[in-house]
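In what follows, a structure is listed as structure tokens, so that the remarks can point back to it.
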Ligand SMILES: Cc1cc2nc3c(=O)[nH]c(=O)nc-3n(C[C@H](O)[C@H](O)[C@H](O)COP(=O)(O)O)c2cc1C
């Protein structure tokens, strides 16, 4: 089974989760870049508003060809209790027909479950089947703690068996 991990990351935490996952489950990774500048305090407000309203954004790559993959991990940070606009946009540009999907959300403190639910709601009509999901709390954690947390999730959730 071929696995790919798709993710968006503004401040590199979801990117770190994706990197560890890639190693642990032997998957490829594809980062989705938001072409709108999301850095800085002013952009933070706009980012929250865009996420809350589910405004689309410009992303690179604009789509990902999933034909050669059986299992897709899709990860987003939590923004105002919603997936990041880059992920909302990506989902609408991808064909998930016949794909197993594992969803994950990182969050400072709370709201990640709503992110998972929203991604699931959007992926199912596009043919994907969510087989699992998990949350990673990143608030106040050092890099090393985050790495350990993700490795523990991989073990507890038996993630490597899904890619076999
Ligand atoms: C615009 C914005 C909105 C956010 N909203 C939430 C939120 O509603 N709940 C929460 O727990 N964390 C929130 N966060 C924190 C991020 O979800 C958290 O730090 C995440 O792990 C960052 O991932 P990244 O480093 O991959 O961008 C928000 C961060 C940003 C930039």
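Here are the numbers for this structure:
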| read-out | value |
| --- | --- |
| Among 124, 152, 54: highest mean-square fluctuation, GNM of the chain, C-alpha pairs under 10 Å | 152 |
| Whole-number Å³ per residue for the convex hull built on Cα positions in the range 3-154 | 94 Å³ |
| Choice from 112, 81, 98 showing the highest fluctuation, given a GNM over the chain with Cα pairs closer than 10 Å | 98 |
| Relative contact order (%) - criterion: Cα under 8 Å, at least six apart; region: the chain | 24 percent |
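Throughout, read-outs are computed from the coordinates displayed, never taken from laboratory work. The model shown is predicted, which means the values in this text are computed figures rather than measured ones.
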